[in-house]
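To start, the structure under review is shown below, and the notes come after it.
The values are calculated or read from the model by the stated rules, or taken from the named source; none is laboratory data. This is a predicted model, so every value here is computed, not measured. Reconstructed Cβ throughout: ideal geometry from the backbone, glycine too, with neighbour counts over all protein chains shown.
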Amino acid sequence: MTAMVDIRSVHKNFGSLEVLRGIDLEVSTGEVAVVLGPSGSGKSTLLRTINHLEKVDSGWISVAGSLVGYRRRNDKLYELRERDILKQRTRIGFVFQNFNLFPHLTVLENIIEAPVSALRRPRKQAVESAERLLARVGLEDKASAYPRQLSGGQQQRVAIARALALEPELLLFDEPTSALDPELVGEVLDVIKDLADQGTTMIVVTHEIGFAREVADTVVFMDEGRIVEQGTPTEVLDHPRHERTKAFLSKVL
Ligand code: ADP
Ligand code: MG
């Protein structure tokens with residue numbers, strides 16, 4: 001299997017705070033990696049570096065064979081121009097904790113916005129594709145609703161459809177169910193599970209251990225800017241080797 005995501009020796013500081021202290025991670029094509037770890041361990045920052053929303057201080061990341069945010073010439077790295085960064089970003093879908101839908105746009109408009117404006121897709125084609133995606137997340141009847149008229153679970157499913165509209169090679173989820181009422185968590189996790197079953201490559205930051213057990217090919221436990229432990233769900237969740245993993249799991253299980 002080829003690596004869809006290849007992260008090597010990534011370091012990231014915010015001022016004197018070392019947030020990522022040498023991250024190495026490979027995610028194969030079609031694989032689901034679930035990232036666990038206490039608050040402040042660097043999970044969101046790691047996801048953001050994969051999308052070049054944060055620049056790394058050292059190390060490098062490649063997605064689908066392309067270096068993220070840079071190009072290499074004569075063994076030197078040159079940062080991409082903003083336009084090329086945006087273009088590269090369209091290949092990676094990002095789903096946030098708080099949905100981040102455009103409040104003044106309908107569900108349909110939210111989904112077609114990027115395909116039409118960033119990818120210059122014909123509007124009719126974008127609409128047809130958006131309608132298919134809405135059916136896929138179970139919201140075919142909500143195309144003309146505004147985000148405020150939807151439940152949190154429905155809004156998050158729209159956000160997933162919006163991410164899929166760019167036909168990304170990789171999907172990143174940052175605690176996609178943390179802002180939801182408990183009874184709405186399942187409907188969002190079910191959509192993510194379906195995507196996993198269809199072979200979508202994903203990195204999912206979540207505290208949902210049951211989901212990790214069921215869906216993850218690999219579970220990554222982060223603490224203080226490092227990957228402390230990584231393995232199959234059984235290895236990491238049932239037979240953790242590190243004290244910090246055990247302590248974390250005893251709190252969330
Ligand atoms: P997690 O997602 O695991 O909770 P984060 O990646 O959000 O962790 O944050 C890791 C650390 O980096 C935290 O101490 C946080 O306060 C800090 N941090 C995150 N983003 C910034 C930023 N833009 N500027 C300064 N510090 C930040
Ligand atoms: Mg976070």
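Each row is one residue, and each column tells you yes or no for (1) β-branched (Val, Ile, Thr); (2) at pLDDT 95 or above; (3) more than 16 Å from ligand 1 (Cβ to nearest atom).
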{"position": "111", "(1), (2), (3)": "yes, yes, yes"}
{"position": "120", "(1), (2), (3)": "no, no, yes"}
{"position": "123", "(1), (2), (3)": "no, yes, yes"}
{"position": "132", "(1), (2), (3)": "no, yes, yes"}
### Task
Restricting attention to the stretch 209-244, report how many residues are more than 15 Å from ligand 1 (Cβ to nearest atom), not hydroxyl-bearing (Ser, Thr, Tyr) and not in a strand (DSSP E or B).
19
### Query
Got at least one residue in the stretch 169-178 being touching a Leu at 6+ places or on another chain (Cβ under 9 Å), among the polar types (S, T, N, Q), closer than 23 Å to residue 6 by Cβ and within 16 Å of ligand 1 (Cβ to nearest atom)?
no
#### Entry: Sole exception among (1) more than 10 Å from ligand 1 (Cβ to nearest atom); (2) assigned to a loop (DSSP other than H, G, I, E, B); (3) not hydroxyl-bearing (Ser, Thr, Tyr) for residue 25, by number
(2)
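Picking from 151, 178, which residue would you name as being modelled with pLDDT of 95 or more, surrounded by fewer than 21 Cβ atoms within 10 Å (Cβ to Cβ), closer than 20 Å to residue 97 by Cβ and within 16 Å of ligand 2 (Cβ to nearest atom)?
On inspection, the qualifying residue turns out to be 178.
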### Query
Does residue 204 fit the bill of being at pLDDT 95 or above, under 14 Å from the mean Cα position of the chain (by Cα) and either of a type in the set (Ser, Thr, Tyr) or within 16 Å of ligand 1 (Cβ to nearest atom) (or both)?
yes
### Query
Taking interchain pairs and intrachain pairs at least six residues apart, which have beta carbon atoms under 6 angstrom, with the first residue in the stretch 12-29 and at negative phi and among the charged types (D, E, K, R) and the second modelled with pLDDT of 95 or more and within 15 Å of ligand 2 (Cβ to nearest atom)?
12/19; 12/20; 12/45; 18/225; 21/225
### When residues of the stretch 35-80 are limited to those that are within 16 Å of ligand 2 (Cβ to nearest atom) and assigned to a strand (DSSP E or B), the one farthest from the chain's Cα centre (by Cα)
36
### the stretch 135-168, residues that are in contact (Cβ under 8 Å) with a residue 60 or more places away in the chain and of a type in the set (A, V, I, L, M, F, W, C)
159, 160, 163, 164, 166
#### Entry: Restricting the stretch 50-78 to residues that are in contact with a Leu (Cβ under 7 Å, 6 or more places away or on another chain) and within 16 Å of ligand 1 (Cβ to nearest atom), the residue that is modelled with the highest pLDDT
50
### Task
Determine the pairs where a residue that is closer than 19 Å to residue 88 by Cβ, located within the stretch 39-53, has a partner that is within 8 Å of ligand 2 (Cβ to nearest atom) and not in a helix (DSSP H, G or I) with Cβ atoms under 7 Å apart, the partner being 6 or more residues away or on another chain.
47/174; 47/205
### Count - residues of the stretch 220-253 that are closer than 25 Å to residue 57 by Cα and crowded, with 16+ Cβ neighbours inside 10 Å
10
### Task
Select, from 121, 132, 71, 81, the only residue that is charged (D, E, K, R), free of Cβ contacts under 8 Å to residues at least 40 places away in the same chain and in contact with a strand residue (DSSP E or B) (Cβ under 8 Å, 6 or more places away or on another chain).
71
